[in-house]
1. Could you list 131, 59 in order of exposure, starting from the residue whose Cβ has the fewest other Cβ atoms within 10 Å?
2. For the range 1-142, what does the alpha-carbon gyration tensor say about shape, rounded, prolate or oblate, given a ≥ b ≥ c as the root eigenvalues, a/c under 1.5 as rounded, and a/b over b/c as prolate?
3. Quick one: go through the range 46-65 and flag any residue whose amide nitrogen is under 19 Å from the point 7 Å out along the Cα-to-Cβ line of residue 241.
4. Assign one of three labels to the chain, namely rounded, prolate or oblate, based on the Cα gyration tensor with a ≥ b ≥ c the square roots of its eigenvalues; rounded applies when a/c is under 1.5, prolate when it is not and a/b is larger than b/c, and oblate otherwise.
5. Which of the helices in the chain, when you take each full DSSP H run, stretch at least 27 Å along the axis at their Cα atoms and have an average Kyte-Doolittle score of 0.0 or higher?
6. Helix-derived [θ] at 222 nm for the chain: sum -39500 (n - 2.57) over DSSP H runs of at least 4, divide by residue count, nearest 500?
7. So what's the gap between the Cα centers of the range 112-185 and the range 1-76, to the nearest angstrom?
8. Identify which of 74, 149, 115 has the largest mean-square fluctuation in a Gaussian network model of the chain, with springs joining Cα atoms closer than 10 Å.
Amino acid sequence: MQLANLILAQLVNGITLGSLYALIALGYTIVYGIVLLINFAHSELFMSGAFVGLGVMTVLTSSALASKFPWLAPAQHFFAGSTTGIVCMLLIMFLVSMIVVGIMGMIIERFAYRPLRHAPRLAALISAVGVSLFLQNAVLLWISAQQLPFPNPIGESTAFTIGTVDVSVLKVVIIITVIVLLVALDTFISRSRFGKAMRATSQDREAAGLMGIDINLSITLAFFIGPALGAVAGIFNGMYYGSIVFNMGFLPGIKAFTAAVLGGIGNLRGAMLGGFLLGIVESLASGFISTGYKDVIAFAILILVLIFRPGGLLGESVLEKV
């Protein structure tokens, strides 16, 4: 019974962690599917989403700000004083963070990647690393070099219990939100006009342009959607672990890249599958082996996949072809 409860608890943790990996991995895979670029700056956009979310939460709830700006007090009382207010605050926080970080992704594409679109791929890859270092150091120098506490407005209350395993409301919210976003993105890519344009661009950029598709718009849209989803993952990561720091994007970013490769880089559903599988494997390794080995196991999976199945579990398709 104890073994079953331990497995169940680690599965719940793994699905929660895998949800975050899947969201981040989608940012890698949707950009790669369009421009064949591994956007290593994506991990810092994930981090930026957490900091933007914390900033919005601070403005909406901080009593220190209310003392300086009394006109904020009524709004802060609403956002911090009721369940409806907390839900509204979360919606505003996620929406603002997604928009801000999505626009950051568009700006990065326009000035760091688009001029190198016809250059060798190594040039764009180096540019991505440069953007990553710039964003990380910008937060380090302009905001804080220390870990900042990230409040969890949802609280640690239990949503339901399976056996002796308590599943918190926060974990339920993370899993449900991520699943809704994954389904929405998959539907958007497969059925919407813009999604079809993105799929056509991923298949043959020149032919898509000749058919009247705005190539720049399709690429820019990919650079908005990926970072916006990463921003959601950044906020949830802060709420889940209770703090954020300027270099918090490195390990989750590398693991999300591992998840994208595991599922099939360039394949949206592969990124989702890879994220959940990696989260579950990492949590089981933490529970049954050691927390010190979870990162080793995650990167060992990356090496094994690259050796034995470089196309990933769901092949090497670049989004769905038209």
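We did not get these values from a lab; they are worked out from the coordinates using the rules stated. These numbers come from a predicted model, not from an experiment. Cβ sites come from the backbone with ideal geometry, for glycine too, and all protein chains shown count toward neighbours.
1. Ranking 131, 59 by Cβ neighbours within 10 Å, fewest first, gives 59, 131.
2. Oblate, since a/c reaches 1.5 and b/c is not below a/b.
3. Answer for this model: 46-55.
4. oblate
5. What comes out of the filter, once short or polar helices are dropped, is 2-35, 42-61, 83-108, 121-142, 169-191, 215-241, 268-288.
6. Only helices count here, giving -24500 deg cm²/dmol.
7. If we compute the Cα centre of each part, the gap is 4 Å.
8. Result for the chain, Cα springs under 10 Å: 74 fluctuates most.
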